[in-house]
Amino acid sequence: MSGVQLTYREAMREALREALTRDDRVFLMGEDVGRYGGCFAVSLGLLEEFGPERIRDTPLSESAFVGAGIGAAIAGMRPIVEIMTVNFSMLALDQILNNAATLHHMSGGQISVPLVIRMTTGAGRQLAAQHSHSLEGWYAHIPGLRIVAPATLEDARGMLWTALGDPDPVLIFEHGSLYGTSGTLSGDAGPVDIDHAVIRRSGDGATIVTYGGTLPTALSAAEELAGEGIDVDVIDLRTLRPLDDATIIDSVRRTHRAVIVDEGWRSGSLSAEISARITEQALYELDAPVRRVCTAEVPMPYAKHLEEAALPRPDGVADAVREVVGRR
Amino acid sequence: MPSLGADMDQGTVVEWLVRPGDTVHKGDIMAVVDTTKAAVEVECFTAGVVQELLVEPGRTVPVGTVLATLAPAESAAEPEPTAQAVPEPRPATQKPAARKPAAAGPQVRKLAAELGVDLATVRGSGKAGAITRADIQQAAERKSKPVPTSGRTKVSPYARRLADELGVDLATITPGGRDGAVHAADIRATAGRPETPRRPQPKRDRVEAMRATTAGLMARSKREIPHYYLTTSVDMFIALEWSHKRNRELPVPDRILPAALLLKATALAAKAVPGFNGHWIDDRFESASTVHLGIAVAMRGGGLAAPAILDASELDLTTLMARLRDLVKRARAGRLRRTEMTSATITVTNLGDLGVDTVHGVIYPPQVALVGFGKVLERPWAVDGLLGVRPIVTATLSADHRVTDGHSGARFLDVLSGRLREPETL
Amino acid sequence: MTPDQARQLVRAELLRIVPDAAIDVIPADADLREELELDSLDFQSFVAQLSERTGHRIDEDDYGHLRTLAGCVEFLATRD
């Protein structure tokens, strides 16, 4: 099958296009998704192609339009709600946590909320303290939600359709720095599962666990380490809730050392949860404590060099691996 | 005293180039030793501080004798480059650079005195290795908060498991130094096994690999060892009656199986008759002083292992039985210790359970004998001049003709069957 | 102990020794040691477990009764 050259955002647009074409119940709504083509240009051209009933611009009120999306889902539609960034989702947290995640349980199963929410997340573009959060780890704390983080073109292209098929809410986190990444996508690329982690690179020296925007960071570190004779497993979690314990533990059983890379702040982060699970399930395999490489515990700086210093970097990840392997 | 030549078995210490208290590093020359051929320098293979010189110059000692003891250095400091860094030509006496006390300004020295910190024990983190106030403070803190000496060494969970598997005594391991904890690499270094990534092999592959190894070994055995075979039938009536009677008093798990009787008898025969217990190495037979009895264990799913029960000739039957049970269990689970895999001095195969009457086995090189036992069968037998029925087991000896001949082989089997006729001596 | 309980017990203990054994296809009068390739150690372990689980003494003289599935069940069921 011949491949197509495209970017992550184009892959996501293709996914939207496919969903809108195949299922009449699907529609997209959010701020600037229509006339503007989406804040990150993901829905560029879709308004022209599918019309204002299917591509709906909303007012600047997250709580309102997420609530409307929940209502539409309950009524039988398959809405895709786009919240511009995870930062603004804070304004819709009550809707997401107390309605979307919980109505199925509170109604004794009578109500389902087959809602998909897409959000941009992450830092690295000098958007400073209020606009650079990575809160997918927080959302992964909530029962009733499925949390996914596509990091590759295949996942950007394939996770949406599978998410729309889920009878319960799915939150898709797209890291802002990934939109411009390009590559070759197979011509018959289609839906992918949203249950399993995938090992993107193999090696027995140590296990690096990561997801989303820090996957390129981890792979870069792995490349550097390979030059020193340390080959590592790099696990792309893909789904943050529920976590694919089996893949993680299986890898740690082989390598005996783990480093988790998470763009959230360390304390109470997803990396802490993963570290706990590794300790619970594979303590007797560990040859060194589990290390975590996370964002510095500060509000994200605006100045470029400070922002870079605060975020996980390939050399920091490589150092952490060297430490657990005992070469430091 | 290292072995510095293939045929060297002793050496004379000519001269010591270090003194107790000296710090040595990997590669430093420690002494000059005379062999029958030439004077050779002995180098140090690890960093440390010389504790005691045990052999004085002029003394001749066998290879393997401890010549000196070293204490591991806390921080093996790199020798500071001095102006005359050129090593003097050997064999003139060479004093390795002693560790100079690092530079410390007057304020630092004052602080050290106040806090009771010995400057000689502090590693400087300042410019050119100078000691800073922070260094002194840290040293003082370390002193006031001594590492809890509850006798508890930090061992990583994986290292602990490995030590158990490889039969390494944790008490003998000094931590690698990085964080004061013992890690897998430290265990492997002691056990002499390099890290091989443990990919979960599909069961078939493992079995095939094992078969391939066994195949190679068997081919080599047949190629190199001139086998001869002797067979004898042993009347097990007395032995089985005796163990039967004993077992009546014992709970099921403690009962002695006939297998244990056969093993012990074999071990005693191997000890009594020379030429069957040991190894053929470098074109000669090296008799072993103890009998480590190899047991051929069939694994479920195929494959054969032959681990050893150590010191089998000295164990009482109950202990031997327990060791056998434990060994077979661990062999089937793939959890054998290295010593068990490599130490057998003679092997026993086929404890008669598979219904074969007679076994003509292939010797496992570098051993020189293999004993096989067939199934215990009720057979017509002459008893006191009359025809009776007795439990008979066929014992076979496969032996290396380079070491023994039919005469010794017959004696071996004679001792073996004799022991089985007097089970109380087992 | 009822024959059914005895059967369950024997089955469980055989599976403990040979985890992938297909107990249900073994003929009731087939020699267990041959069918499952049990050696003397396995057999002793099997008997030890039966003895422990039932709380009854089993002598070496009784081993003959335990050669087949039917024999085991009968032996254990009549013991109680």
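The values are calculated or read from the model by the stated rules, or taken from the named source; none is laboratory data. The structure presented is a predicted model; accordingly, all values stated were derived computationally and were not measured. Neighbour counts are summed over all protein chains in view; Cβ atoms, including those assigned to glycine, are modelled from backbone coordinates with ideal geometry.
Remarks
- Residue in region A:63-86 that is touching a His at 6+ places or on another chain (Cβ under 7 Å), among the hydroxyl-bearing types (Ser, Thr, Tyr) and either assigned to a strand (DSSP E or B) or modelled with pLDDT under 95 (or both) present: yes
- Residue list for region B:155-184, restricted to those being more than 8 Å from chain A (Cβ to nearest Cβ) and of a type in the set (A, V, I, L, M, F, W, C): B:155, B:162, B:163, B:166, B:168, B:170, B:171, B:173, B:181, B:182
- Every pair of residues 6+ apart whose Cβ atoms lie under 7 Å, when the first sits in region A:194-214 and is closer than 27 Å to residue A:118 by Cβ and within 14 Å of chain B (Cβ to nearest Cβ) while the second is assigned to a strand (DSSP E or B) and among the charged types (D, E, K, R): A:199/A:233
- Screening B:73, B:140 for residues that are at pLDDT 50 or above, within 30 Å of residue B:171 (Cβ to Cβ) and surrounded by 11 or more Cβ atoms within 10 Å (Cβ to Cβ) leaves exactly one candidate, B:73.
- Residues of region A:1-40 that are crowded, with 16+ Cβ neighbours inside 10 Å, in contact (Cβ under 8 Å) with a residue 24 or more places away in the chain and small (Gly, Ala, Ser): A:11, A:15, A:19, A:30, A:38.
- Residue count, region A:297-328 (criterion: surrounded by 15 or more Cβ atoms within 10 Å (Cβ to Cβ), touching a helix residue (DSSP H, G or I) at 6+ places or on another chain (Cβ under 7 Å) and more than 14 Å from every other protein chain (Cβ to nearest Cβ)): 8
- Residue in region B:247-268 that is surrounded by the most Cβ atoms within 10 Å (Cβ to Cβ), counting only those that are part of a helix (DSSP H, G or I) and within 10 Å of another protein chain (Cβ to nearest Cβ): B:260
- Hits in region A:72-82 (condition: on the phi < 0 side of the Ramachandran plot and surrounded by fewer than 24 Cβ atoms within 10 Å (Cβ to Cβ)): A:72, A:74, A:75, A:77, A:78
- Scanning region B:217-240 turns up one or more residues that are surrounded by fewer than 16 Cβ atoms within 10 Å (Cβ to Cβ), free of Cβ contacts under 8 Å to residues at least 60 places away in the same chain and over 14 Å from residue B:412 (Cβ atoms).
- All conditions in (1) without any contact (Cβ under 8 Å) to a residue 40 or more places away in the chain; (2) in contact with a strand residue (DSSP E or B) (Cβ under 7 Å, 6 or more places away or on another chain); (3) of a type in the set (A, V, I, L, M) hold for residue A:149, with the sole exception of (1).
- One residue from A:108, A:51 being under 20 Å from residue A:32 (Cα atoms) and exposed (fewer than 14 other Cβ atoms within 10 Å of the Cβ): A:51
- Selection status of residue B:290, in a loop (DSSP other than H, G, I, E, B), more than 11 Å from chain C (Cβ to nearest Cβ) and among the hydroxyl-bearing types (Ser, Thr, Tyr): yes
- Of the helices (runs of 4 or more DSSP H) lying entirely inside region C:1-58, the ones with 3 or more residues being surrounded by 13 or more Cβ atoms within 10 Å (Cβ to Cβ) and more than 14 Å from chain B (Cβ to nearest Cβ) are found at C:3-17.
- Condition check for residue B:211 on (1) surrounded by fewer than 18 Cβ atoms within 10 Å (Cβ to Cβ); (2) of a type outside the set (Val, Ile, Thr); (3) in the same structural domain as residue B:319 (by TED's automatic domain parsing): one failure, at (3).
- A count restricted to region B:110-135 and to residues that are at pLDDT 70 or above, more than 27 Å from residue B:50 (Cα to Cα) and surrounded by 14 or more Cβ atoms within 10 Å (Cβ to Cβ) stands at 5.
- Among the residues examined, residue B:83 does not qualify as touching a Pro at 6+ places or on another chain (Cβ under 8 Å) and at pLDDT below 70.
- Contact map, region A:278-295: residues that are facing another protein chain (nearest Cβ under 9 Å) and within 16 Å of residue A:318 (Cα to Cα) paired with residues that are assigned to a loop (DSSP other than H, G, I, E, B) and basic (Lys, Arg), Cβ distance under 7 Å, separation 6+ or inter-chain. Pairs shown: A:288/A:257.
- Restricting the search to strands (runs of 3 or more DSSP E) fully inside region B:307-426 and requiring at least 2 residues that are within 14 Å of chain C (Cβ to nearest Cβ) gives B:346-351, B:386-400.
- Any hit, region A:45-52, residues being touching an Asp or Glu at 6+ places or on another chain (Cβ under 6 Å) and either charged (D, E, K, R) or part of a helix (DSSP H, G or I) (or both): no
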